[in-house]
Amino acid sequence: MAGDSVKEMMAALKKMNARYVRFELPDLHGTSRTKVIPVGKAEGYTRKGLNFYGGTIGLDTASAVIGGCGVHEEVSYRDQQLVPDPASLRPVPWLEDTAKVICDARWAPGEPIAATPRTVLASLLQQARKMGYDVMFGLEYEFYLLDPETKTPLFGGVHIFNATRNQYVPFLDGLLDTLQAAGIDVITHNCEYSPSQFEINYGPGVGLEGADKAFTFKNAIKELAHRNGYLATFMSKPATDMAGCGCHVHVSLIDRKTGKNAFHSKGAKEGMNPLIRRFASGLLTHAKAMQPLIGPTPNCYHRLKPHTFAPSNISWGVEDRTAMVRMKDVGEDNCHIEMRAASGISNPYLSAAGVLAAGLLGLKEKGELPIPSKGPSEDDPKHQKLAASLEESLAALKKDKAMQEMLGADFVKLFTTVKEAELARFRSHVTDWERDEYLELY
């Protein structure tokens, strides 16, 4: 790590009057795995790395150690080293004199752990750079604010954008200020369609910054809600009668030579140049293989239903809110792609990685977009359906050699092994529905 960047980080910590620093590792599920250290130790750990259990990235959603994924018994349960990215340093405004920094992981100097989500995304961003592009991401998430004891909404009804509900409890009054103090450049806040569901949008970022910002946002929402007596959840479908929580991934390519939006060409046919068309075609071609990354739990697949403003098929359209790929602001300087199939559960780094991997394959394959639907895409039977389960999407990833190559063998092995272990636990569980449906009848 460059000495200057470390010195700049230490100077920034001094300016913040920080006494403690969180070293944060984004895990496989997008959760912050953290050690807190006194600021006096920060420079040494930043230069040498901070020891951390090496298999942290190979824990499932219950934090169970999943053997066979490449980071546990295969390496004798060794430590890894967390190496902070000084560019990610931010204050933690809800804690006194505390800052945070996002870390990458390595086994030893010069030996990065290729399966970590942030490293997977960084590798894909490097591939894009070699092709002449930087990548801008914006990830918008929906979440619920619930009573922590009953796990129920704070209010009923479906009055989206209702002013009273936007600020329903005092916690929401100060939330936007706190997020902005944490480096989240809030654009809009509103209650969503379902009771006690909210959406807070913030600006995009170039490269890792876009995913880093989403990672900070999601974990901040969870922590702040907890500290104020609420449960915040990004769960895709918390209950049968509650709307799904999605993540819309906005993406555009920036020409590294000109600094301009490479998806925009003045006078392009129908406002969409060949680059944006090919990128979008990659998302359609590799949609099912992308799905485990953007829908990593069985619960995610309950959300992908027609007439829910969530996509249910592999489709695209200009400003079509029912399509998987929605072309936004076509013909304008800021034209970009909105990929609407990701779940609120999804890890920001993996949602961004899945979209970028599929989109870059579209460029390499010089794919062509099919003719879009004349009306809402969800009502057009010509489109292939999205994968209906995590089993189906994992099988698609295992068949898609091009996507596997883009994501890297280490990651694919770890991710599929962990997810298949989670599925085995899920399939062995007897649900309340089964008991209610069959116990008395049979």
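The values are calculated or read from the model by the stated rules, or taken from the named source; none is laboratory data. Just so you know, these numbers come straight off a predicted model, no measurement behind them. All Cβ positions, glycine included, derive from the backbone under ideal geometry; neighbour counts span all protein chains shown. Calculation scope for accessible area: heavy atoms of the full protein, side chains included, ligands and nucleic acids excluded. Shrake-Rupley method; radii C 1.70, N 1.55, O 1.52, S 1.80 Å.
Figure the gain on full extension for K14 and E223 (residue separation times 0.36 nm, minus the Cα-Cα span) and round it to one decimal in nm.
Working: separation 209, 0.36 × 209 = 75.24 nm, distance 2.49 nm.
Extending this stretch completely gives an extra 72.8 nm.
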The value for the range 239-376 (convex hull of the alpha-carbon atoms, volume per residue, Å³) is 103
With θ set to phi - 60° and the Karplus curve 6.51 cos²θ - 1.76 cosθ + 1.60, what are the ³J(HN,Hα) couplings of the range 432-442 in order, to the nearest whole Hz, using x for Gly and Pro?
4, 4, 4, 5, 5, 7, 10, 4, 7, 4, 9
Please provide three numbers in whole Å: the alpha-carbon extents of the chain along the principal axes, with the largest listed first.
62, 62, 49
Quick one: what are the phi-derived ³J(HN,Hα) couplings along the range 213-228, Karplus 6.51/-1.76/1.60 with θ = phi - 60°, whole Hz, x for glycine and proline?
5, 5, 4, 5, 4, 4, 6, 5, 4, 4, 5, 5, 4, 4, 5, 10
Largest first, please: the extent of the C-alpha atoms of the range 40-156 along each principal axis, to the nearest Å.
53, 40, 36
Which peptide among 40-47, 274-281, 204-211, 348-355 comes first, and what is the full order, when sorted by highest mean count of other Cβ atoms within 10 Å?
348-355, 274-281, 204-211, 40-47
At 222 nm, what value in deg cm²/dmol follows for the chain if DSSP H runs of at least 4 each add -39500 (n - 2.57) and the sum is divided by all its residues, to the nearest 500?
-10500 deg cm²/dmol
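For D380, D79, what's the largest-to-smallest order of accessible area, 1.4 Å probe?
Values: D380 35, D79 75 Å².
If we order D380, D79 from most to least accessible, we get D79, D380.
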Nearby lysines by direct alpha-carbon distance to K399 (threshold 26 angstrom, same-chain neighbours under 8 apart not counted)
K288, K305, K364, K366, K382, K385, K413, K419
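Given contacts defined as C-alpha pairs under 8 Å and at least six residues apart, what's the relative contact order of the chain, whole-number percent? Mind dumping the intermediate values first?
Details: 892 pairs, mean separation 71.0, N = 442.
Relative contact order, the chain: 16 percent.
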Note down the net charge around I160, summing +1 for each Lys or Arg and -1 for each Asp or Glu among other residues with Cβ under 14 Å from its Cβ.
-1
Across 5 Å bins from 0, what is the distribution of all Cα-Cα pair distances for the range 320-402, in whole percents?
3, 11, 16, 25, 25, 15, 4, 1
